[in-house]
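K.L.:
Quick one: structure below, then a few questions.
The values are calculated or read from the model by the stated rules, or taken from the named source; none is laboratory data. These figures come from a predicted structure and were not determined experimentally. Backbone-built Cβ (ideal geometry, glycine too); neighbour counts: all protein chains shown. The area values use the complete protein model at the heavy-atom level, side chains included, leaving out ligands, DNA and RNA. Shrake-Rupley method; radii C 1.70, N 1.55, O 1.52, S 1.80 Å.
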Amino acid sequence: MQPMVMQGCPYTFPRCHEWWATDQFHHSSSLRSACPQLQVRAAATSPAPPQDGAGVSCLSPKLINRSLGTTECLEPSAMNLCWNEIKKKSHNLRARLEAFSDHSGKLQLPLQEIIDWLSQKDEELSAQLPLQGDVALVQQEKETHAAFMEDVKSRGPYIYSVLESAQAFLSQHPFEELEEPRLESKDTSPRQRIQNLSRFVWKQATVASELWEKLTARCVDQHRHIERTLEHLLEIQGAMEELSTTLTQAEGVRATWEPIGDLFIDSLPDHIQALKLFKEEFSPMKDGVKLVNDLAHQLAISDVHLSMENSRALEQINIRWKQLQASVGERLKQLQDAHRDFGPGSQHFLSST
C-alpha cells in the first residue's frame, strides 16, 4: 500500500504495523497521552484497524470530524512535538527494562554461583561417608569435617547477603505465581519480560535457600554422627582391652588346674567350691562381652563397620569367652561326677572300707 499524502500537508506518514501489533497501552494510552493534539474529537471517528494486514496509519495528518464535515491538518511543529514525545516515552520504557534486566542479572550470576558451590559441597560431604570403624581414622575424619564446617560457615554471610538482596528485589518486583512463564519473542511485552525475570530470580533464590538449609542441616547431623561413632569406638576399644586382660587372668587360673585323676578324693569338695567361686568372679565378663557386641551392632546399623584389626580383636574376645565358659562347665561336671562316684557317700567308697 502506498504512503498516504494528504492535501495541504507537506509530510508523508508511512503505515506502522509494529505499533498496531503491540499491546493496547502503547497503541492508545501512551500515544494519546504523548500527543493530545492527535485525539479524535468524537469516539465514533476513530478508525478501525484495517483488514488488509498492513496495519493502521501511525499518525494521520488529517483528523476528520464527521459531525462538522471538515478536515484538519496538523502543523509541522505540532507533529514534530508528538513524534519527539513518542520517542521519549519509548526510550524511557526501554531504559527502564534495561535497568531492570541489569539489576536482575547482577542477582542471577551470584545466585547461580551459590547454587553450584552448595551442590559441590553437598557432594564433598557425601564423600566423607561411610566412616571407618577405627578410632584413629574417625578422629582424623573429625578434624577434616571441622575444617569443612568452618569453610561452609565462612560462606554464610555472603549467601545470606545475596538471598536478602533477592528478597528485596522480589518485594519491589513481584510476579503472579500462578501464571505460567511464557517463551519470550519480539512481541513479548515489557511487563511480561519483567514478570519472567522476577520469576527466574525467585526460582534461583528458592533453590539456593533450600540447598543452604539442606547443607547446614547435614553438616550438623554428620558432626553428631562422627561424635557418636567416636564415642562408641572408644567404648568398644576400652571394653575389649579390659576384657582381654580379665580373660588372660582367668586363662592363667585355668592353666593351674590339676587333672581330676590326680586329686585326692577328700579334696574334691574343696575343688568344687573353689571352681564355683571362680565362676562367680568372672561372670561380670558376660555383661562386658555383650556390651561390645551390642556396640558393634549399633555401629553396623549406622553403616560404620569395625576395621579389620578391631573385628579380629572382637572375634578373639568372643572365642576366648566361649572357651572359658566351656572349660569351667566341663571341669565342674567332672569334679561333681568324681565326688559322686568316689566320695564318702559313693558305693565305691563303701565297698572299699
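K.L.:
Considering Cα pairs under 8 angstrom that are at least six residues apart, work out the relative contact order of the stretch 237-342 and quote it in whole percent.
P.N.:
On the way: 46 pairs, mean separation 52.7, N = 106.
Value for the stretch 237-342: 50 percent.
K.L.:
Another question, if that's okay. With a cut-off of 20 Å, note down the residues of the stretch 244-275 whose backbone N falls inside the zone around a label point 7 Å from the Cα of ARG340 toward its beta carbon.
P.N.:
Counting backbone N atoms under 20 Å from the label point, the list is 260-275.
K.L.:
Note down the nm distance, to one decimal, between modelled labels 7 Å out along Cα→Cβ at PHE264 and at ARG155.
P.N.:
Each label point is offset 7 Å from its Cα along the Cβ direction, giving 8.3 nm.
K.L.:
Using only protein heavy atoms and a 1.4 Å probe, report how much of MET149 is accessible, in Å² to the nearest 10.
P.N.:
60 Å²
K.L.:
Obtain the nm distance between the two label points defined at GLN140 and LYS276 by a simple spin-label model: each point lies 7 Å from its Cα along the Cα-to-C-beta direction.
P.N.:
According to this spin-label approximation, the distance is 5.4 nm.
K.L.:
Highest mean first, what order results for 228-234, 295-301 on Cβ atoms within 10 Å?
P.N.:
On the way: 228-234: 17.7, 295-301: 14.6.
Ranked from most to least packed, the peptides come out as 228-234, 295-301.
K.L.:
What FRET efficiency comes out for ALA217 versus HIS305 if R0 is 25 angstrom and r is the Cβ-Cβ distance? Round to the nearest 0.05.
P.N.:
0.50
K.L.:
Provide the solvent-accessible area of THR246, counting protein heavy atoms only and rolling a 1.4 Å probe, rounded to the nearest 10 Å².
P.N.:
Its heavy atoms expose roughly 50 Å² to the probe.
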